[in-house]
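The values are calculated or read from the model by the stated rules, or taken from the named source; none is laboratory data. Please read these numbers as outputs of a predicted model, since none were measured by experiment. Cβ atoms come from the backbone with ideal geometry, glycine included; neighbour counts cover every protein chain shown. Protein only, heavy atoms only, side chains kept; ligands, DNA and RNA dropped before computing areas. Shrake-Rupley method; radii C 1.70, N 1.55, O 1.52, S 1.80 Å.
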Amino acid sequence: MSETFRGRSFVVGFYFVIVAITGAIGAVLGAIGPEDLTPVKLLGLVELQPTPLGLAVYGVVTVGIALGIPLGLVVLVSEVADAESVDET
């Protein structure tokens, strides 16, 4: 059980590292990017200007959602599978 917990912790930690790197890259692109960058729409709802903060938020939210939903489903399924394996023994 403790190996499974360490594995989940690693995967979730790795997820947060990837999301943080995405935010940093967005901030760098906003700071040193070309002058003719156009605004982006976050989830089709909010228009963000191509500033360091705007592109960092865009990157964090989009990658966070795109990776977070499947990761959440994997964690949920693994918890259910662990609970079923404990019940069988």
Might you work out the accessible area of Leu45 for me, using a 1.4 Å probe with all protein chains in place, and round it to the nearest 10 Å²?
140
Kirkwood Rh over alpha-carbon pairs of the stretch 17-62, then Stokes-Einstein at 4 °C and 1.567 mPa s: what D in µm² s⁻¹, rounded to an integer?
126
Given a 1.4 angstrom probe, what's the average accessible area per residue across the chain, in square angstrom?
72
Between Val46 and Ala66, what is the label-to-label distance in nm when each label sits 7 Å out along the Cα-to-Cβ direction?
1.8
Placed amide H near Leu48: partners under 5 Å, 5+ positions off or other chain
Val40, Lys41, Leu42
What's the angle, to the nearest 10 degrees (0 to 90), between helix 52-88's Cα axis and the longest principal axis of the chain?
10
Log10 I(q)/I(0) at q = 0.24 Å⁻¹ for the stretch 1-79, from Debye over equal alpha-carbon scatterers, is -1.03
Among 6-15, 59-68, how do they line up from the highest to the lowest mean number of other beta-carbon atoms within 10 Å?
59-68, 6-15
Taking the Cα centre as origin and putting +1 on Lys and Arg beta-carbons and -1 on Asp and Glu beta-carbons, what dipole magnitude results for the chain, to the nearest 20 debye?
340
Take the chain, connect every pair of alpha-carbon atoms lying under 10 Å apart with a spring to form a Gaussian network, then pick out the residue of Gly23, Gly54, Gly33 with the largest mean-square fluctuation.
Gly33
Using a probe of 1.4 angstrom, how much of the accessible area of the chain is carbon and sulfur, in percent?
73
Given charges at Cβ of Lys, Arg, Asp, Glu: the chain dipole, positive-most of Ile25, Val12, Ala81
Ile25
Longest principal axis of the chain (C-alpha) makes with the long axis of helix 2-32 (C-alpha) an angle, in degrees to the nearest 10, of 0
